[in-house]
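Below is one structure; the comments refer to it alone.
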Amino acid sequence: MHQERIARVAQQLAQTDHDIIFVAPGADLRYLTGYDALPLERLTCLAVRTTGEAWMIVPTLEKPSALAHKVPDMGIELLDWQETQNPYSLLMSAVGQPQRPLVNNLMWVEKAFGIQGASGTNVELAGKLLSDIREVKTPDEVTYLHEAGAAIDQVHMNMHKWLRPGRTEREVGKDIAEAILAAGHVTVDFVIVASGPNGASPHHEVSDRIIQAGEPVVVDIGGTMASGYCSDCTRMYVCGEPPAEYLEHYAVLMAAQEAARLHARPGVSCESVDAAARNVLESAGLGEQFIHRTGHGIGMETHEEPYIVIGNKSLLVPGHAFSIEPGFYFAGKYGARIEDIVTCTEVGIKSANNTTRELVVL
Ligand code: ZN
Ligand code: ZN
């Protein structure tokens, strides 16, 4: 599988006027090789030529880890460098003089400049070369995303155990973080518990604010599974009776989220999925309160291509995986968001998140 992925990169590269791509640790490297090397100050880097030849340089200290991940079995030539050697010169002498090198988007600038210096030629960004490959998921990857979705659903289904008035957002968030791991994730990537006015800030995390009765609470949570694939799901809660006006807005939001889910299918543009949700909120006078894009792709990163946003004219194809998460935000008062991860099928979408989208009264 990884050998095929590297071969795809080589093929894509051959369609450009670039002759080599360098890939640093992170989601791109893990996707291509299965090696989840940590981004460290010491250089670890994969290089792939248009011919399909591939090399990976690692610090000698990391060599056992690279071997444990079977890097040489993928047809990758494994090089290692000692503490006092210059890894960039070693890498260049192995791969030969690059003419027009690309570096992956998430490479640290320090490493990109190291490659540029050693190769004596300017590096350019890989741009969409890798994300075009990564954004269309294989059936196995779709399964991993649905497993991640089921795991985070389990946490939402147990929210009544932790979320109640009198507790702080931080206390509730700590319990949720433990539950994210207990549900099968290997890392907790984010926990948002945004009560009352904090809900008006889409990326509020947790605070020492005490949750009050009658306040809507935004709970947006996610983690990464052992497979490397991520979960991300938002549900809305209220302890007691919410304001009547809030319930009216919430009904509109549910309709907006559903409109986008019904609209999304192969052949429609990413921006039209955004418009499907946005039109419903705008017609109800809530357009100004919907202050972000409708969604983002997801896979080995929580946020990746394709982005469900105005201006993205790319068409959905089976295998795309992304969030549908419209919201409304009233500064100083409250906010709301409903978020599902969905995967594009041959005829529509399948939701990885399946707990109720209604406002959950605890
Ligand atoms: Zn989210
Ligand atoms: Zn999201």
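The values are calculated or read from the model by the stated rules, or taken from the named source; none is laboratory data. Keep in mind that this is a model prediction, so the values were computed, not measured. Cβ placement follows ideal geometry from the backbone for every residue including glycine, while neighbour counts extend to all protein chains displayed. Accessible surface is based on the protein model in full, side chains and every heavy atom, while ligands, DNA and RNA are left aside. Shrake-Rupley method; radii C 1.70, N 1.55, O 1.52, S 1.80 Å.
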- Message: For region 262-307, give me each residue that is among the charged types (D, E, K, R), crowded, with 17+ Cβ neighbours inside 10 Å and either farther than 28 Å from Lys333 by Cα or more than 15 Å from the chain's Cα centre (by Cα) (or both).
- Response: Glu271, Asp274, Arg278, Glu301, Glu304, Glu305
- Item | Selection count where residues are in contact (Cβ under 8 Å) with a residue 12 or more places away in the chain and more than 16 Å from ligand 1 (Cβ to nearest atom), scope region 275-299 | 9
- When region 236-269 is checked residue by residue, the ones that are over 30 Å from Cys344 (Cβ atoms) and either assigned to a loop (DSSP other than H, G, I, E, B) or in contact with a strand residue (DSSP E or B) (Cβ under 9 Å, 6 or more places away or on another chain) (or both) are Val238, Cys239, Gly240, Glu241, Pro242, Pro243, Tyr246
- Item | Subset of region 205-220 that is touching a Ser or Thr at 6+ places or on another chain (Cβ under 8 Å) and within 16 Å of ligand 2 (Cβ to nearest atom) - its residue that is nearest to Leu145 (Cα to Cα) | Asp220
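Residue by residue, here is whether (1) surrounded by 20 or more Cβ atoms within 10 Å (Cβ to Cβ); (2) away from ligand 2 (no atom under 16 Å from the Cβ) holds:
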| position | (1), (2) |
| --- | --- |
| Ser227 | no, yes |
| Gly240 | no, yes |
| Pro243 | no, yes |
| Leu247 | no, yes |
| Leu253 | yes, no |
| Ala259 | yes, yes |
- Message: Could you tell me how many of the residues in region 260-293 are hydrophobic (A, V, I, L, M, F, W, C) and either closer than 28 Å to Ser195 by Cβ or in contact with a Leu (Cβ under 6 Å, 6 or more places away or on another chain) (or both)?
- Response: 9
- Query: Taking Leu32 and the conditions (1) out of contact with any Gly (no Cβ under 8 Å at 6 or more places or on another chain); (2) open to solvent by 30 Å² or more (accessible area, probe 1.4 Å), which numbered condition does it fall short on, given that it satisfies the others?
  - Reply: (2)
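Table: residues versus (1) part of a helix (DSSP H, G or I); (2) touching an Asp or Glu at 6+ places or on another chain (Cβ under 9 Å); (3) of a type in the set (Phe, Trp, Tyr).
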{"site": "Leu78", "(1), (2), (3)": "no, no, no"}
{"site": "Thr84", "(1), (2), (3)": "no, no, no"}
{"site": "Gln99", "(1), (2), (3)": "no, yes, no"}
{"site": "Glu110", "(1), (2), (3)": "yes, yes, no"}
{"site": "Leu130", "(1), (2), (3)": "yes, yes, no"}
- Note on region 205-225: residues assigned to a loop (DSSP other than H, G, I, E, B) and buried (at least 19 other Cβ atoms within 10 Å of the Cβ) are Val206, Ile211, Glu215
- From Ala264, Ala251, Ala183, grab the single residue that is assigned by TED's automatic domain parsing to the domain that holds Trp162 and under 19 Å from Ile310 (Cα atoms). Ala264
- Inter-residue pairs, beta-carbon under 6 Å, first open to solvent by 70 Å² or more (accessible area, probe 1.4 Å) and in region 345-357, second among the hydroxyl-bearing types (Ser, Thr, Tyr), 6+ apart: Lys350/Thr343
- Being out of contact with any Pro (no Cβ under 6 Å at 6 or more places or on another chain), open to solvent by 10 Å² or more (accessible area, probe 1.4 Å) and assigned to a loop (DSSP other than H, G, I, E, B) is the filter; apply it to region 308-332 and report the residue that is farthest from His292 (Cα to Cα). Lys313
- Query: Just for region 1-21: of the residues that are in contact with a Ser or Thr (Cβ under 9 Å, 6 or more places away or on another chain) and farther than 22 Å from Lys137 by Cβ, which one is least open to solvent (accessible area, probe 1.4 Å)?
  - Reply: Ile20
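A quick yes/no check of all residues on (1) within 16 Å of ligand 2 (Cβ to nearest atom); (2) touching a Lys or Arg at 6+ places or on another chain (Cβ under 6 Å); (3) open to solvent by 40 Å² or more (accessible area, probe 1.4 Å); (4) assigned by TED's automatic domain parsing to the domain that holds Ala331:
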| position | (1), (2), (3), (4) |
| --- | --- |
| Asn158 | no, no, yes, yes |
| Glu169 | no, yes, no, yes |
| Gly173 | no, no, no, yes |
| Phe190 | yes, no, yes, yes |
| Ala194 | yes, no, no, yes |
| Ala200 | no, no, no, yes |
| His203 | yes, no, yes, yes |
- Pairs, please: C-beta under 6 Å, at least 6 apart or cross-chain, first residue under 23 Å from Ser89 (Cβ atoms) and in region 52-71, second part of a helix (DSSP H, G or I) and not hydrophobic (A, V, I, L, M, F, W, C)? Ile57/Pro87
